[in-house]
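Inspection log for the structure reproduced underneath, given as structure tokens.
The values are calculated or read from the model by the stated rules, or taken from the named source; none is laboratory data. Quick caveat: nothing in here was measured; it's all calculated off a predicted structure. Please note: Cβ atoms are built from the backbone with ideal geometry, for glycine as well, and neighbour counts cover all protein chains shown.
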Amino acid sequence: MRKMAVIVEKSKCHPDRCQHECMKFDPVNRSGGVGFHLSEDGKAAIDEKIVNEMHKICTKKCPFSAISIVNLPEQLKEEPIHRYGNNEFMLYGLPIFKENKVVGILGRNGIGKSTALNILSGGLVPNLGKYKDKAKEEEVIQNYSKVSLGNYFKKLYDKKIKFSYKPQRVELLGRKYNGKVIDLLKRVDEKNKSERLIAEFELDKIKNRDVKDLSGGELQKVAIIAASVKKADYYFFDEPSSFCDIKNRIRMAKLIKELGKNSNVIVIDHDLTTLDFVSDEIQIVYGEPGAYGIFSQSKGINRAINEYLEGNLKEENIRYRNFSINFKPLTQRREFTKEIFLEIPKIQKSFNGFNLNVNGFNLHKGQVVAIMGANGLGKSTFLNIIAGKLKADNTDFKFRNTSYKEQDLENSDLCVKDYLKNKSKTLFSDKWLNTLLIEKLGLERLYEEEIKHLSGGELQKINIVGALAKDAELILMDEPSAFIDVEDRLKIAEIIKDFAVRKEICAIIVDHDIQFIDYLADSLLVFEGESGKRGKVFGPFDKNDGINRILKSLDITYRKDEETNRARINKEGSQLDQIQKRKGEFY
């Protein structure tokens, strides 16, 4: 019989606020046995050995969506490396370091990537699935004694390994560190390289600013440099591409590849283009978010990414997703109208030594306009002017009926359901709206969670839904792909486009993920200039012309993968790179 796992999310289980539906409808309980019951902690629990398909009625009856029952792969024979508790998340396998190589990790949010890094860095001793007993370091060493991880864990627990870790949520660094950028970097610099990297990443203008005053892109670059200038045996980078523009993603990738020549490096990222460029090998993590995660064996870059998109691990003979991911642009499926929706006037804005100039342009009903350009050229400033948060120097323009998802995510003490109710009166009563925004992103399970306790990806999705649910005619979003995994990036792109076309409104989206923009946008505004000094806006261009202009200014060429249509960065100076540059085809 196929093995099943039961997950009870304790934070959502509220026996004092329900009728104990999981117990009342449990087929074992109804026949006189012991199925779902209240455990010592007062939450629902069940012995997984007795679970069968009929128990899935309990997942449907739970009013808080706290219970899920999943089928584990038939090929899975081993015990988990770690389980948080009875009916809680299970992790199978770990990332495998490769000597002097960069190993990329690719997988969905909520599937154990951060747990794995926590184990490898010594922050969590894995219990080998024996959650009732205290985890023991010697048992971990013994468990891996026949493979390279055994020696690794022995050195780890003997404190003979040095790590450097770049965390995912860089926007939280401003709350943690006080003081100037230069002081922070010099304090951690063990290689005497911080000054060179500050210049290389164009941070000279902000090196004397307080860390708490930095933008997301600036914080990300500071965090990457801080992790890189430490002397370490192992480097971990968790989502280093978030908030970085294309140019800095390339710089970051080159820096990490350089580290990989003499160290062991693991990189987690959802930007396939960046992960493709920075990695030597890739490990896929698959499973069910919130329930279990399984690390596959390491594979070559192209093979790993293409198998991930297909949802099929060929060598392991495991299909873990019943659909493949298609990067055919949405603009080939739904077109915006020619009817002019809004005329944006010429806009000028100067402050703190920075000047922004925007030529006037028209927006059309159903149109999704993307904005791309380097960090520090005024993209967020432009959105703030359109949203009425900033006043232009030359015009009183303000489109009143806007909804704006800012780069800094909105936090709250409210639970998710109450937060969304405050954003929209119709979200839960309008079937189309609920299906498009809530069901497609699987947000029902988060209803009872407090906003302030959500992960980065969950918080981003709630902020996006909150912005779309508001009754507005112009949607503005600043970096909606940050912290979002590959599957959900495409869902969010589809939601934004469907929303704009169906409601005959317009969306303006700032983002740096070229694959996300290619999939979503109809047109492109290109920001050019000198970061921190001046920004000038050109367009809107046809999407492909706009992307080509951006890449030409950066002297970077991309190609499309023949099998999956995904974007890939050409190696600088390669034959294909030179051919595309001669033709003027940078994308």
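Odds and ends about this structure:
- Residues being touching a residue at least 60 places away in the same chain (Cβ under 8 Å) and either surrounded by 19 or more Cβ atoms within 10 Å (Cβ to Cβ) or of a type in the set (Phe, Trp, Tyr) (or both) - total across the range 488-497: 6
- Here the strands (runs of 3 or more DSSP E) wholly within the range 357-418 that include at least 2 residues being at pLDDT 90 or above and under 22 Å from residue 466 (Cα atoms) are 368-373, 402-405.
- Residue within the range 327-344 that is modelled with pLDDT of 90 or more, under 30 Å from residue 202 (Cβ atoms) and assigned to a loop (DSSP other than H, G, I, E, B) present: no
- Restricting 410, 406, 343 to residues that are touching a residue at least 40 places away in the same chain (Cβ under 8 Å) and farther than 25 Å from residue 247 by Cβ narrows the list to 410.
- Looking at 452, 470, just one residue is surrounded by fewer than 24 Cβ atoms within 10 Å (Cβ to Cβ) and farther than 25 Å from residue 382 by Cβ, and that residue is 452.
- Among the residues examined, residue 552 does not qualify as surrounded by 20 or more Cβ atoms within 10 Å (Cβ to Cβ) and either within 28 Å of residue 340 (Cβ to Cβ) or more than 25 Å from the chain's Cα centre (by Cα) (or both).
- Restricting the first member to the range 29-49 and to residues that are in the same structural domain as residue 65 (by TED's automatic domain parsing) and within 18 Å of residue 3 (Cα to Cα), and the second to residues that are among the basic types (Lys, Arg) and in a loop (DSSP other than H, G, I, E, B), the beta-carbon pairs closer than 9 Å and six or more apart or on different chains are 48/3.
- Looking only at the range 148-173, and only at residues there that are of a type outside the set (Lys, Arg), in contact (Cβ under 8 Å) with a residue 24 or more places away in the chain and within 21 Å of residue 458 (Cβ to Cβ), the one that is surrounded by the most Cβ atoms within 10 Å (Cβ to Cβ): 170
- Restricting the search to helices (runs of 4 or more DSSP H) fully inside the range 184-301 and requiring at least 1 residues that are within 19 Å of the chain's Cα centre (by Cα) and either surrounded by 23 or more Cβ atoms within 10 Å (Cβ to Cβ) or without any contact (Cβ under 8 Å) to a residue 40 or more places away in the chain (or both) gives 216-228, 246-259, 272-278.
- Only one entry of 22, 13 meets the criterion of being closer than 21 Å to residue 416 by Cβ and either assigned by TED's automatic domain parsing to the domain that holds residue 415 or hydrophobic (A, V, I, L, M, F, W, C) (or both), and that entry is 13.
- Flag if residue 462 is closer than 20 Å to residue 64 by Cβ, modelled with pLDDT of 95 or more and surrounded by 17 or more Cβ atoms within 10 Å (Cβ to Cβ): yes
- For residue 528, the stated conditions hold: it is surrounded by fewer than 21 Cβ atoms within 10 Å (Cβ to Cβ), touching a helix residue (DSSP H, G or I) at 6+ places or on another chain (Cβ under 7 Å) and farther than 24 Å from residue 443 by Cα.
- So residue 484, is it outside any helix (DSSP H, G or I), within 22 Å of the chain's Cα centre (by Cα) and assigned by TED's automatic domain parsing to the domain that holds residue 435: yes
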